[in-house]
Amino acid sequence: MPLPDQPDLISLFVAPLNQLGVTYMVTGSLAAGTYGEPRLTNDVDLVIVLSAADAGRLYAAFDPSAFYVPPLEVIETERRRPLHGHFNLIHHDTAFKADVYLAGDDPLHYWALDRREQIMVDEEPVWVAPPAYVILRKLQYFRDAGSPKHLTDIRAMLAVLGPRLDQPALMAQIATMHLEAAWERVQHDR
C-alpha cells in the first residue's frame with residue numbers, strides 16, 4: 001500500500017504501458033504476491049513486447065526529469081536481442097524501479113503472454129503473468145541462485161491457488177525446462 005501522496009509501482013510504470021497500448025505482463029514478486037502472499041518490494045518486473053515504433057513511444061512516455069530512462073539507442077539494442085533483452089526504468093523521487101524484460105523470441109514469454117490475467121488495481125487494469133509462468137521463473141531463479149525466498153513464494157502461491165493452478169501445463173513446462181530437482185525441493189519442504 002503506497003503512502004498518501006506517494007506514487008506506487010502500478011501508477012508509475014504500468015499505467016503508462018496501458019496508455020501506450022503495448023503488450024506486457026507483470027511478473028516477479030508482485031505477480032507472486034497476487035497469487036500467494038504479498039511482500040514489500042520497490043521494483044516491478046515487466047515482460048514487454050516492444051516493436052520498433054513502440055520503443056520510441058515508450059522512451060517518450062517516461063519524462064527524464066522524473067525517471068531514469070536509458071537512451072533510445074540502448075532500448076533499441078535491447079529490443080533487437082532475440083533473447084535476454086533488458087533495461088531498467090527508475091523513478092527519481094522514490095527510487096522505485098521497473099526491470100523491463102523484452103519478449104524477444106523467447107517462447108516461454110509468449111506462452112505466458114497468451115495466458116496472462118487481467119486484474120484491477122485502484123481502477124487501473126493490470127496484466128499479470130499466469131501463475132504457472134511465475135512459478136517456472138521462480139524455480140529457475142532458485143536453481144540458478146539458490147535463494148530460498150523463491151521457494152517461499154512458490155509455496156505461498158500453491159497454498160492460495162489450490163486447484164486453480166494449471167498443473168498439467170506447469171508440469172509439462174517443468175520437464176521441458178529441466179526444473180524437476182527444484183520442483184522436488186518445493187514439494188519436499190512443504
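Tabulated data
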{"item": "Pairs with Cβ under 6 Å, 6+ apart, first in segment 51-62 and touching a residue at least 24 places away in the same chain (Cβ under 8 Å), second part of a helix (DSSP H, G or I)", "result": "ALA55/ILE75; ALA55/GLU76; ALA55/ARG79; ARG57/LEU20; ALA61/PRO16; ALA61/LEU20"}
{"item": "Residue list for segment 6-22, filter: buried (at least 18 other Cβ atoms within 10 Å of the Cβ) and part of a loop (DSSP other than H, G, I, E, B)", "result": "ASP8, VAL22"}
{"item": "Among (1) crowded, with 19+ Cβ neighbours inside 10 Å; (2) in contact with a Leu (Cβ under 8 Å, 6 or more places away or on another chain); (3) aliphatic (A, V, I, L, M), the one test that LEU108 misses", "result": "(1)"}
{"item": "From ASN42, ASN88, residue being in contact with a Ser or Thr (Cβ under 9 Å, 6 or more places away or on another chain) and in the same structural domain as THR23 (by TED's automatic domain parsing)", "result": "ASN42"}
{"item": "Qualifying residue in segment 23-41 (condition: modelled with pLDDT of 95 or more and either basic (Lys, Arg) or loosely packed, with under 15 Cβ neighbours inside 10 Å (or both))", "result": "no"}
{"item": "Where a residue in segment 93-119 is hydrophobic (A, V, I, L, M, F, W, C) and its partner, wherever it lies, is assigned to a strand (DSSP E or B) and surrounded by fewer than 16 Cβ atoms within 10 Å (Cβ to Cβ), with Cβ under 8 Å and at least six apart", "result": "ALA98/ASN88; VAL100/HIS86; VAL100/ASN88; LEU102/HIS86; ILE119/PRO125"}
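The values are calculated or read from the model by the stated rules, or taken from the named source; none is laboratory data. In this text, all values refer to a predicted model and were calculated from it rather than measured experimentally. Quick reminder, even Gly has a Cβ in these numbers, built from the backbone with ideal geometry, and neighbours come from all protein chains shown.
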